[in-house]
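Notes to accompany the following structure.
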Amino acid sequence: MKAAIVWEAGKTPVYGEIDEPVPTASERLVHVSAAAISHVVKSRASGTHYSSTGQFPFVVGVDGVGRLEDGTRVYFVAPKGSMAERAAVPPALYLPLPDDLDDVTAAAIANPGMSSWAAYSARAQLKAGETVLVNGATGTSGRLAVQIARHLGAKKVIATGRNAKALEEIAGLGADVTIPLVEDEAALEAGFKAEFAQGVDVVLDYLWGKSAERLLVAAAKVGPEAVPIRFVQIGSISGSDITLPSAVLRSSAISLMGSGVGSIPMQRLVAYVGELFAAVIPAGLRISAKPVPLADVEQAWLENDGARRTVLTLD
């Protein structure tokens, strides 16, 4: 069958032929119609993601949209790759799609939307009326995190990012306050402290690196009168490591946790995608998606679409 394949470490996926998947007695065959390129897809393909297997060749992609043999449209997670004509999927890892959600939108929004939906629901346990800060709100996942926080009842949403124009757009998606991630660390910390002094209940961090350091230090410096903070780490676009003084955790009521594959069982993550899908139309969740034929995977892989999600499609 045709698929996007990585043949060896460090190589870009290519469009080619690979053996058909053979479903086990407990799996279903999905005829794939769409699968999105995301940060996790790229990092797994490069072998840098913590869930990478290091085995070659393999079909890239972690999830997608397609049809079962009986014609049922489904979203699915594919343990052996999703960017192919067909995928073998365990029953616990697929769910029916709402009729009013098209294939490309579903494939585009599933992973980035689930990242915050699961973090809010399973890890932070966000309550209506709380204040949320999204660190790294200008990317695809961060934009959805702002919108989803609003949908789930957040009273106030604070968004950070480096791109001033993009931050203006985030304000239109539901952010009450935007904080530019400026190079001046003292100014950045002062901006964070002003918000923490008013009370921030939940931080969703898509960046890690220097901005996460400044966030945590600023939160600790506000003092014991500050609201306890649930800090949920999701992505590491700005760096995989930070320097965190131990006093930050001793002198503050910060709960530091992660959200992703491993911290939440995969079956629950799929269930959260179902909740997300049910909210897309009623909540007016917005995402920019660009459909590209699977045969053009090599060119699409090298593009940097920023806040737009590239979705590989199959006829």
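Results for (1) within 20 Å of G199 (Cβ to Cβ); (2) touching a Pro at 6+ places or on another chain (Cβ under 9 Å), shown as yes or no for each residue.
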position	(1), (2)
A119	yes, no
A122	no, no
L126	yes, no
L133	yes, no
G136	no, no
L144	no, yes
G161	no, yes
E169	no, no
L173	no, no
| Restricting attention to region 111-162, and to residues there that are in a loop (DSSP other than H, G, I, E, B) and either among the charged types (D, E, K, R) or under 16 Å from the mean Cα position of the chain (by Cα) (or both), which single residue is farthest from R268 (Cα to Cα)? | R162
| said: Of the residues L204, L167, only one is crowded, with 16+ Cβ neighbours inside 10 Å, within 21 Å of I229 (Cα to Cα) and assigned by TED's automatic domain parsing to the domain that holds F231; which? | reply: L204
| task | Give the residues of region 228-251 that are surrounded by 16 or more Cβ atoms within 10 Å (Cβ to Cβ) and either touching a Ser or Thr at 6+ places or on another chain (Cβ under 8 Å) or at positive phi (or both), sorted by residue number. | result | I229, R230, F231, V232, Q233, I234, G235, S238
| Number of the exception - I179 against (1) assigned to a helix (DSSP H, G or I); (2) modelled with pLDDT of 95 or more; (3) out of contact with any Lys or Arg (no Cβ under 9 Å at 6 or more places or on another chain); (4) farther than 27 Å from A289 by Cβ | (1)
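For (1) of a type in the set (A, V, I, L, M); (2) free of Cβ contacts under 8 Å to residues at least 12 places away in the same chain; (3) within 24 Å of L173 (Cα to Cα), each residue gets a yes or a no:
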residue: I264; (1), (2), (3): yes, no, no
residue: L269; (1), (2), (3): yes, no, no
residue: A278; (1), (2), (3): yes, no, yes
residue: P291; (1), (2), (3): no, no, yes
residue: L294; (1), (2), (3): yes, no, no
residue: E298; (1), (2), (3): no, no, no
residue: W301; (1), (2), (3): no, no, no
residue: G306; (1), (2), (3): no, no, yes
residue: L312; (1), (2), (3): yes, no, no
| field | Count - residues of region 1-21 that are within 13 Å of E85 (Cα to Cα) and not charged (D, E, K, R) | value | 8
| note | Of the candidates V14, V6, V40, the one satisfying the condition of being at pLDDT below 85 and either at positive phi or touching a helix residue (DSSP H, G or I) at 6+ places or on another chain (Cβ under 8 Å) (or both) is V40
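Do you know which of the residues in region 208-227 that are part of a loop (DSSP other than H, G, I, E, B) and in contact with a Ser or Thr (Cβ under 9 Å, 6 or more places away or on another chain) is nearest to A186 (Cα to Cα)?
Among them, the one singled out is V222.
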| task | Scan region 43-76 residue by residue and report those that are within 21 Å of A300 (Cα to Cα) and at pLDDT 80 or above. | result | P57, F58, V59, V60, G61, V62, D63, G64, V65, G66
| query | Does region 81-102 contain any residue that is of a type in the set (A, V, I, L, M) and within 16 Å of R308 (Cα to Cα)? | reply | no
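The values are calculated or read from the model by the stated rules, or taken from the named source; none is laboratory data. Because the structure is predicted, anything quoted here is derived from the model rather than measured. Positions of Cβ are generated from backbone atoms using ideal geometry, with glycine treated the same way; all protein chains shown enter the neighbour counts.
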